[in-house]
2 protein chains.
Amino acid sequence: MTVTLADVAARAQVSPATVSRVLNGNYPVAASTRERVLRAVDELDYVLNGPASSLAAATSDLVGILVNDIADPFFGIMASAIQAEIGGTGGGRAGGERLAVVCNTGGSPERELTYLTLLQRQRAAAVVLTGGAVEDAPHAAAVAAKLRKLTEAGTRVVLCGRPQAAGTGAVALTFDNRGGARRLTEHLLGLGHRRLGYIAGPEERTTTRHRLEGHREALAAAGVEEDPRWTVYGHYDRRSGYEATLELLRREPGLTGIVAANDSVALGACAALRESGLRIPEDVSVAGFDDLPFSIDAVPSLTTVRLPLADAGARAGRIAMGREEPPPGDIATVRGELMVRGSSGTPRA
Amino acid sequence: MTVTLADVAARAQVSPATVSRVLNGNYPVAASTRERVLRAVDELDYVLNGPASSLAAATSDLVGILVNDIADPFFGIMASAIQAEIGGTGGGRAGGERLAVVCNTGGSPERELTYLTLLQRQRAAAVVLTGGAVEDAPHAAAVAAKLRKLTEAGTRVVLCGRPQAAGTGAVALTFDNRGGARRLTEHLLGLGHRRLGYIAGPEERTTTRHRLEGHREALAAAGVEEDPRWTVYGHYDRRSGYEATLELLRREPGLTGIVAANDSVALGACAALRESGLRIPEDVSVAGFDDLPFSIDAVPSLTTVRLPLADAGARAGRIAMGREEPPPGDIATVRGELMVRGSSGTPRA
DNA sequence: CTGTTAGCGCCTTCAG
DNA sequence: CTGAAGGCGCTAACAG
């Protein structure tokens, strides 16, 4: 029915072992033999049986990339860069190619674990986890245990934009969310703002916490009193920014600036301000985080912190493939760059 | 070293076959036995060997989703909906779960074929291809051949937002790009526009062609003469819209409207217009396509055609899982809805 | 309901 | 450089 390696061998008049060797290219094979085999492969339209090959070799060519939200370009950009480093290589015929594959957890801890188990089951060659982690203790422990098991089984684990999971054998490229947030708020304070609203992400995420901490560091350093009612938690999406902004305005109409957990949230905030008849930045300044492509097209364009998502992703991909040395101590911090644009200005009198 | 099914069987004092049966849940097993086995699984921290299981069963639990650009929310939204229908089910312990996985072709025909081969090699249970196809004849034939082979091997193939590939056994949910584009241009013509620039996507894509054809149908039906110099080809991104708009303004400063291949392109167009000192829509109207989440936040908000990406993706996912009947004739057309917003208005005198 | 028996298709020592 | 042989871990008939 389906053509197997043995069929190819028969047609090329060699042993199955030889066919395997030319396909994997790990062993010396005479050029003429190789050519004969390759011809037979083409003629028979042979496709290697992945499961069989993985079973026998005890490894697979699958690489998993976990993202929290595949519809969010923040993850899309990273995933794209990672995949380009992994799946883009080779282009060869039967062997060599890796199947780089992205899995969408939707931010759900259960699905995260499920995907990790599924990848473990497939004996994935590597796994890259992107974006913030959930801080719930039992879940964090479960993930850490899973990661340890993966690395022990020879799967390379890389964290990209995520804090190191100590003792798991993973390599981490973490984003300096705290520092970026601090510089951003410093910028606003420098302009003269003193009443700043903060729209945070989901409460239990590392990214959320670190950005908020950076914001508060800046406030504390400047000796600015902070009203706890000026911080609202939500999600990393536009709608959350919209609703949170209306809520903040209700609580404190005198706010002169709004710092958002990310750019999408900031866009929603802008919409809410506009609908409330407030001008940006004359009445209220707005700032985002990430510098996604659409942020420069906002009107006015968005002051934000640029994270080198594509660079970090590419590096994570290379490390996952063993084509780049992991950083010393298996951890590197990636800084963000403050982008001052039209959405931030001096506060109104 | 690694714990196998046999280990579990030994510990639970049953045969390997029984363990397999409780894990797959396809066979009657006494409740007490099942429990014993499950306990052994937990105690041993056993994880099924995917390749071995796929080899023996001649099927795998892998489902591939191909996208042209994972960093583009157009694809992200569809992929997310598809994956939710496929990977979200079950949540059970060892068995049942499917590994829904997205592959980024980056719009490259070679990578598309590579990924299809890789999925074929893994004996994927289903494959969903999203978005426009490349019209290059040899490549289209190669893809069709590959799809036919996949369906023949029992892999379910679903096309989502992509024209049917005749004779391949695939199920297609196509978007009515032509009709949507026609209604959009009709709207602009109805406002009084007669000099409309068009910024198309890459020339060899079906989506590009269909949207452009719809635009031209509307022009022809209204008896509006069309200058070929008012159409510019580019890519489906912001930058392309920016540059193409500058080019169009150079060629014809008297344009009163710009129709863009999609929303990202439209945003770039808006930026270029603004920098050129033109107001939207007073001086120039702008229209996009897709109605991505950010489009409503543009200033002014974007007139566009909404495609039900999430609905279509969910349906494609269900069909891929065999949980929904394919449409009659294995093909269904999904309409877009015209969204009239602030970026389109009556042309200047 | 459960155990026994054969492979699934390939890789990888071992010889030659 | 190439062939022969064994087994990777699991599932799927068969019997019981």
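Evaluate the following for A:Leu55: is it modelled with pLDDT of 90 or more and away from DNA strand D (no atom under 11 Å from the Cβ)?
No, not satisfied.
Would you mind stating whether A:Gly106 is at pLDDT below 95, over 12 Å from the mean Cα position of the chain (by Cα) and within 26 Å of B:Leu150 (Cα to Cα)?
Here the answer is no, as A:Gly106 does not meet what is asked.
Here is a list: B:Val171, B:Val143, B:Val157. Which entry is more than 21 Å from B:Ser108 (Cα to Cα) and not assigned by TED's automatic domain parsing to the domain that holds B:Asp263?
So the residue among B:Val171, B:Val143, B:Val157 that is more than 21 Å from B:Ser108 (Cα to Cα) and not assigned by TED's automatic domain parsing to the domain that holds B:Asp263 is B:Val171.
Could you say which residue among B:Ala71, B:Ala137, B:Ala126, B:Ala81 is at pLDDT 90 or above, open to solvent by 10 Å² or more (accessible area, probe 1.4 Å) and more than 11 Å from chain A (Cβ to nearest Cβ)?
Being at pLDDT 90 or above, open to solvent by 10 Å² or more (accessible area, probe 1.4 Å) and more than 11 Å from chain A (Cβ to nearest Cβ) holds for just one of B:Ala71, B:Ala137, B:Ala126, B:Ala81, which is B:Ala137.
Could you tell me whether segment A:319-336 includes any residue that is open to solvent by 20 Å² or more (accessible area, probe 1.4 Å) and under 23 Å from B:Phe294 (Cα atoms)?
Within segment A:319-336 (the criterion being open to solvent by 20 Å² or more (accessible area, probe 1.4 Å) and under 23 Å from B:Phe294 (Cα atoms)), the answer is no, since none of the residues qualifies.
Condition check ((1) part of a helix (DSSP H, G or I); (2) without any contact (Cβ under 8 Å) to a residue 40 or more places away in the chain; (3) among the aliphatic types (A, V, I, L, M)) across all residues:
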| residue | (1), (2), (3) |
| --- | --- |
| A:Glu112 | yes, no, no |
| A:Leu119 | yes, no, yes |
| A:Ala140 | yes, yes, yes |
| A:Arg148 | yes, yes, no |
| A:Gly154 | no, no, no |
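Could you give every pair whose Cβ atoms fall below 6 Å, whose first residue belongs to segment B:38-50 and is touching a residue at least 24 places away in the same chain (Cβ under 8 Å) and within 14 Å of DNA strand C (Cβ to nearest atom), and whose second residue is assigned to a helix (DSSP H, G or I) and open to solvent by 20 Å² or more (accessible area, probe 1.4 Å), counting only separations of at least 6 or pairs across chains?
Between residues of segment B:38-50 that are touching a residue at least 24 places away in the same chain (Cβ under 8 Å) and within 14 Å of DNA strand C (Cβ to nearest atom) and residues that are assigned to a helix (DSSP H, G or I) and open to solvent by 20 Å² or more (accessible area, probe 1.4 Å), the close pairs are B:Ala40/B:Arg11.
Check B:Ala266, B:Ala271 and return the single one that is buried (at least 24 other Cβ atoms within 10 Å of the Cβ) and in contact with a Phe, Trp or Tyr (Cβ under 9 Å, 6 or more places away or on another chain). Don't jump to the end; show me each part of the working.
Values: B:Ala271 fails: buried (at least 24 other Cβ atoms within 10 Å of the Cβ).
So the residue among B:Ala266, B:Ala271 that is buried (at least 24 other Cβ atoms within 10 Å of the Cβ) and in contact with a Phe, Trp or Tyr (Cβ under 9 Å, 6 or more places away or on another chain) is B:Ala266.
Can you tell me which condition B:Glu35 does not meet? The list is (1) farther than 30 Å from B:Asp263 by Cα; (2) of a type outside the set (S, T, N, Q); (3) touching a helix residue (DSSP H, G or I) at 6+ places or on another chain (Cβ under 7 Å), and all the others hold.
(3)
List every residue pair whose Cβ atoms lie under 6 Å apart, where the two residues are 6 or more positions apart in sequence or sit on different chains, the first residue falls within segment B:1-29 and is more than 14 Å from every other protein chain (Cβ to nearest Cβ) and open to solvent by 50 Å² or more (accessible area, probe 1.4 Å), and the second residue, located anywhere, is among the charged types (D, E, K, R) and within 12 Å of DNA strand C (Cβ to nearest atom).
Short answer, once both residue conditions are applied: B:Tyr27/B:Arg21.
The values are calculated or read from the model by the stated rules, or taken from the named source; none is laboratory data. Predicted, not measured: the structure shown is a model, and the values here were computed from it. Cβ atoms come from the backbone with ideal geometry, glycine included; neighbour counts cover every protein chain shown. Note: areas computed on protein heavy atoms with side chains; ligands, DNA, RNA excluded. Shrake-Rupley method; radii C 1.70, N 1.55, O 1.52, S 1.80 Å.
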